[in-house]
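Here is the structure we will look at.
No value in this document is a laboratory result; all are computed from the given coordinates. For clarity, every value in this text was computed on a predicted model and none was experimentally measured. Counting neighbours? That spans all protein chains shown, and the Cβs are built from the backbone with ideal geometry, glycine included.
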2 protein chains.
Amino acid sequence: MTGLTIQEAAEITGWSARMLRYIESAGLVEPHRSVSGYRLYGPGHLQRLRTLRELLEVHEISLSDLGFAARLQTEPELRKAVEGWLTSEPERPQDVPAASWLRWEQDKHQKLLTQPSSHKEIA
Amino acid sequence: MTGLTIQEAAEITGWSARMLRYIESAGLVEPHRSVSGYRLYGPGHLQRLRTLRELLEVHEISLSDLGFAARLQTEPELRKAVEGWLTSEPERPQDVPAASWLRWEQDKHQKLLTQPSSHKEIA
DNA sequence: GCAAGGTTGACACGACTCTGCTAACCTCGG
DNA sequence: CCGAGGTTAGCAGAGTCGTGTCAACCTTGC
């Protein structure tokens, strides 16, 4: 009783049990384990799972994106390199109206949303 | 002569012509165009392409990652949301030793490196 | 005017993502 | 002890990424 089982956690967070395991494999939300190996989700985990859902849906990002964001936070080298590259304008600043890659980045998620995923009560 | 053709640019930057078009479609390096539609790469573009190469290889990131980083810079909402999520510890701070997702994020690139891509003189 | 090389569009392929499902096995509660 | 439900491992299938290649057509240089 030091946490909910994976099925319970799944039901109240809206993820499937399968996805909870996947998310764990990605290191994003890692529940405790009972002595016998059962996953035990505490309130903090549930909260984190719910906000994760929010985050991904609202901003149309992927788990990989989040993983990369994490790297950006913990690898200053990387952060500097990336920011440096992004802010150094190629030729003329007006060339890229800050919309092309944005389009691109969002298009690839656009398609994901059009496929009717079984549990996805966004509508 | 206001820029190199795609083939020339490809040769001196190490990308393939195909990839230059792909990179352009991602909005990351967009050359000028001649009246007849030929891509014209200037010194700035070449520089950007070289550093892009560096960036991706050294830090093992993808074009999508870079696209996401760009979004982070221009969408404060997103940035705040992501940073907020990442810094809110799930239960105990020691749970995730800042290595799991890092592993995960790098593993997926690890494999990419093991496949012998035709032009990739990293060795 | 013709070969070399540019343009877009499409197919293809392997690796990876996200997700469901099934199998074989372990654990818990009554 | 037995059924519900947990665990891992793996297949599967649609979609994306990175990349090559090929076709059909246009442009340039000589």
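Distant-in-sequence amide contacts of A:LEU4, defined by a placed amide H-H separation under 5 Å and a gap of 5 or more residues or a different chain, comprise A:TYR41, A:GLY42. I need the shape label for the range A:1-81. Rule: rounded when a/c is under 1.5, else prolate if a/b > b/c, else oblate, with a, b, c from the alpha carbon gyration tensor. Prolate. Chain A holds its axis-closest Cβ, relative to the rotation onto B, at the residue and whole-Å distance A:PHE68, 3. Between the range A:7-40 and the range B:1-38, how many Å separate their Cα centres? Answer, in whole Å: 46.
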